[in-house]
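The values are calculated or read from the model by the stated rules, or taken from the named source; none is laboratory data. Source: prediction; values computed, not measured. Every residue, glycine as well, gets a Cβ built from its backbone with ideal geometry; the counts of neighbours run over all protein chains shown. Note: areas computed on protein heavy atoms with side chains; ligands, DNA, RNA excluded. Shrake-Rupley method; radii C 1.70, N 1.55, O 1.52, S 1.80 Å.
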Amino acid sequence: MSIDLTGIGQNRLFLVLSSAERLKQNNLSIIRTLTGQGYRVVVITSNHPSAVLKKLYAAEGIEMGRVSFIDTITKYAMGRVPEGQEDCRFISSPSNLTDLGIAITEVLNTLSGEKACLLFDSISTLLIYIPSTNISKFIHFITSKLRLVDTSGIFLAVEKGLDPLLLTQLTTYVDGTIDMDLSPQAEEGQKG
Amino acid sequence: MESVNPVTVEREGGSSDPSGEALPGATHQIWILGLLGAICIALEIGVHLFLRTAIGYTHIFYVLLVLAGVWYYQKALVVAAALVAATFLTSGIVGDFTWATLLRAAMFLVVTWIVAKISEERDRAKAEILDQKAAIEEKHSALVGYLAEVALRMKNPIHLLRDNMAAIRLQLESEDPDLEAVKMDLSVQITHADQIMANFRELNQAIVEERDEIPLAYRDFLTR
């Protein structure tokens with residue numbers, strides 16, 4: 001599946017809705033599209049360990065030099081940081097929004113001047129660890145920060161995983177919403 | 001001060017003025033009572049003092065006393081006492097102070113006290129009903145919030161967890177599964193499941209603390 005991210009060029013922010021079963025696949029599609037457009041992508045992961053995503057991306061031929069990670073779940077789930085992950089930033093817990101905010105700020109500072117995009121995977125998983133009101137505030141903080149530094153951002157969420165109030169709030173923070181399951185386009189054409 | 005029959009409030013779902021009667025505001029009430037008071041004093045002077053007639057005109061006084069009792073409860077006794085004093089004074093001047101004068105004065109006070117008491121009781125009951133209604137609405141709102149939060153922080157995450165587990169199984173079924181990656185992914189999913197259970201306990205705790213009617217044994221069970 002190819003994603004219409006034409007607005008990314010104007011430093012736009014998107015809320016990308018996906019079905020739960022296709023979340024990982026859509027993550028991959030977004031990464032492929034962004035790296036293909038020459039973006040440096042910062043993946044904030046709370047659903048899968050960064051090590052697993054790295055292997056997945058590498059297996060799919062993604063240029064890994066363009067992808068970096070802020071991993072909120074590995075250290076919390078496994079109690080340690082796996083070896084060979086020195087290029088990742090690990091957060092102690094997905095609910096530690098202070099550390100996550102600091103890590104995002106630091107990463108964005110290092111990427112200033114570069115064509116970068118932040119991929120947040122996913123809001124739905126973060127909801128396991130944080131009440132919806134705090135999520136909304138945090139996403140507002142991130143989107144404001146991204147606008148200030150002129151960086152693009154994509155927030156992945158499970159389409160039926162957000163209540164109407166939270167969805168409305170998130171929609172107001174971003175420039176556009178993409179429903180991955182409503183806009184299927186043949187990816188193969190682009191790949192080929 | 002509104003005058004609303006609480007039975008009507010209950011039957012009609014508690015609208016602010018279910019009886020449909022237009023009730024005067026505090027300023028209008030003062031003006032109405034002042035005007036009626038002036039009329040009563042004028043009658044007392046005109047009819048009793050000058051025409052020397054002590055019967056009939058005092059019926060008008062009850063309009064003032066009833067309205068004062070409905071709107072200002074026991075404070076209306078001050079108005080009744082003032083009318084009693086005016087009656088006694090004119091009776092003294094005219095010289096027709098009899099047992100009928102005393103009975104009339106007593107009726108002013110008794111009728112005023114009864115109307116005041118009934119009005120006070122009725123408005124207290126109405127306030128109680130409105131409070132109960134507000135409490136029910138608050139609980140209903142909390143219940144809707146609880147259900148929304150349950151869906152947001154449990155039902156949908158469990159769906160996500162299920163799909164992640166299905167993906168892990170697919171990975172295991174592949175020809176050359178990366179067991180290290182599978183182990184890591186499983187650890188993450190277990191952590192998600194732990195957190196979902198913690199969320200459930202936390203939400204139950206919040207509900208249990210709100211509801212006094214839940215027996216102790218069930219409180220313990222729900223928050224275990």
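Just a few scattered comments:
- Element breakdown for region A:6-191 at a 1.4 angstrom probe: carbon and sulfur atoms account for 51% of the accessible area.
- Chain A, dipole about Cα centre (Lys/Arg Cβ +1, Asp/Glu Cβ -1), debye to the nearest 20: 240
- Considering only B:Leu172, B:Leu51, A:Leu53, and ranking their Cα positions along the charge dipole of the protein assembly as shown that arises from unit charges at the beta-carbon of Lys, Arg, Asp and Glu, the one farthest toward the positive end is B:Leu51.
- Region A:6-191, relative contact order in percent, only Cα pairs under 8 angstrom and at least six apart counted: 35
- One equal scatterer on each Cα of region B:63-155, no solvent, Debye formula: the resulting log10 I(q)/I(0) at q = 0.23 Å⁻¹ is -1.02.
- 1.4 Å probe accessible area per residue over region B:6-134, in Å²: 57
- Region A:6-191: radius of gyration and largest Cα-Cα distance (Dmax), Å: 15.2, 43
- Region A:26-129 - share of DSSP beta bridges that are antiparallel (%, nearest 5): 0
- Other protein chain C-beta atoms within 10 Å of residue C-beta, averaged over A:72-79: 4.
- Proportion of all alpha-carbon pairs of the protein assembly as shown beyond 40 Å (%): 47
- Of A:Lys24/B:Lys155; A:Lys75/A:Lys115; A:Lys55/A:Lys75; A:Lys137/A:Lys160; B:Lys75/B:Lys126; A:Lys145/B:Lys183, those spanning more than 27 Å from alpha-carbon to alpha-carbon: A:Lys75/A:Lys115; A:Lys145/B:Lys183
- In the context of the full protein assembly, A:Glu159 retains an accessible surface of approximately 50 Å², using a probe radius of 1.4 Å and ignoring ligands and nucleic acids.
- Dipole of the protein assembly as shown [Lys/Arg +1, Asp/Glu -1 at C-beta], most positive-end residue of A:Gly65, A:Tyr39, A:Leu162: A:Leu162
- Region B:98-118 versus region B:61-93: alpha-carbon centroid distance in Å: 9
- For region B:6-134, alpha-carbon Rg and Dmax in angstrom: 17.8, 58
- Rounded accessible area per residue of region A:6-191, 1.4 Å, Å²: 41
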